[in-house]
1. Here is a list: 39, 44. Which entry is within 26 Å of residue 7 (Cβ to Cβ) and assigned to a helix (DSSP H, G or I)?
2. Any residue in the range 59-71 that is under 25 Å from residue 49 (Cα atoms) sitting within a Cβ distance under 9 Å of a residue that is exposed (fewer than 10 other Cβ atoms within 10 Å of the Cβ) and at pLDDT below 75? List the pairs, counting only those 6 or more apart or interchain.
3. Condition check: at pLDDT 85 or above and either out of contact with any strand residue (DSSP E or B) (no Cβ under 6 Å at 6 or more places or on another chain) or exposed (fewer than 10 other Cβ atoms within 10 Å of the Cβ) (or both). Does residue 70 satisfy that?
């Protein structure tokens, strides 16, 4: 199945006329990120406080992300 690069590009905030090829950075801002950050800060952290660990699923995140590296 071919990749729809135009649809993928629309997911990111890119100034008009910019072709962004830097692979050594965070990359362009995902358009959904500011809203999600506002939700986490305002609701999951702000409203839930310590309950956010369980109600927002924070306790489940480390296993979902992996164990990381062990020195």
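The values are calculated or read from the model by the stated rules, or taken from the named source; none is laboratory data. Just so it is clear, the model here is predicted, and its values are computed rather than measured. Cβ sites come from the backbone with ideal geometry, for glycine too, and all protein chains shown count toward neighbours.
1. Residue meeting the stated conditions: 39.
2. 62/68
3. no
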